[in-house]
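Engineer: Could you have a look at this structure, given as structure tokens, before my questions?
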Amino acid sequence: MSATTIGALIGGGIDAMSGDDGAADGAIIGAITANVLKVVLPLAVTYAVGWAVLRGAAELKNKAFGNGEGA
């Protein structure tokens, strides 16, 4: 199953629990949310990993060459 289908099923199930007017609008919202998360989550993870690598590189440079204080 794709993420869109799973999102639609979860959204429809949550919407059906309220007992209002069916699960179609919840399924649509769930499918849209799943598609947005497919784009946003990888970007957020990539940014976090890149930030951690740059932070680690700066710490490694400071340990190797000192903090640049005094000479």
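The values are calculated or read from the model by the stated rules, or taken from the named source; none is laboratory data. Bear in mind that the values here come from a model prediction, so they are computed numbers and not experimental data. Reconstructed Cβ throughout: ideal geometry from the backbone, glycine too, with neighbour counts over all protein chains shown. Remember, those area values only see protein heavy atoms, side chains included, never the ligands or the DNA or RNA. Shrake-Rupley method; radii C 1.70, N 1.55, O 1.52, S 1.80 Å.
Engineer: Do we have any residue at all in region 18-30 that's open to solvent by 50 Å² or more (accessible area, probe 1.4 Å) and at pLDDT 80 or above? First the steps, then the outcome.
Structural biologist: Taking region 18-30 and keeping what is open to solvent by 50 Å² or more (accessible area, probe 1.4 Å), we get 18-21, 24-25, 28-29.
Filter once more, keeping what is at pLDDT 80 or above: 28-29.
Looking through region 18-30, at least one residue is open to solvent by 50 Å² or more (accessible area, probe 1.4 Å) and at pLDDT 80 or above.
Engineer: A further question on this structure: Any residue in region 39-59 that's farther than 20 Å from A3 by Cβ and charged (D, E, K, R): show its pairings with residues that are open to solvent by less than 90 Å² (accessible area, probe 1.4 Å) and part of a helix (DSSP H, G or I) at Cβ separation under 6 Å, as long as the two are six or more apart or on different chains.
Structural biologist: none
Engineer: Tell me which residues, restricted to region 31-71, are among the polar types (S, T, N, Q) and open to solvent by less than 100 Å² (accessible area, probe 1.4 Å). Give the derivation first.
Structural biologist: The initial filter retains those residues of region 31-71 that are among the polar types (S, T, N, Q), namely 33, 35, 46, 62, 67.
T33, N35, T46, N62 - these are the residues of region 31-71 that are among the polar types (S, T, N, Q) and open to solvent by less than 100 Å² (accessible area, probe 1.4 Å).
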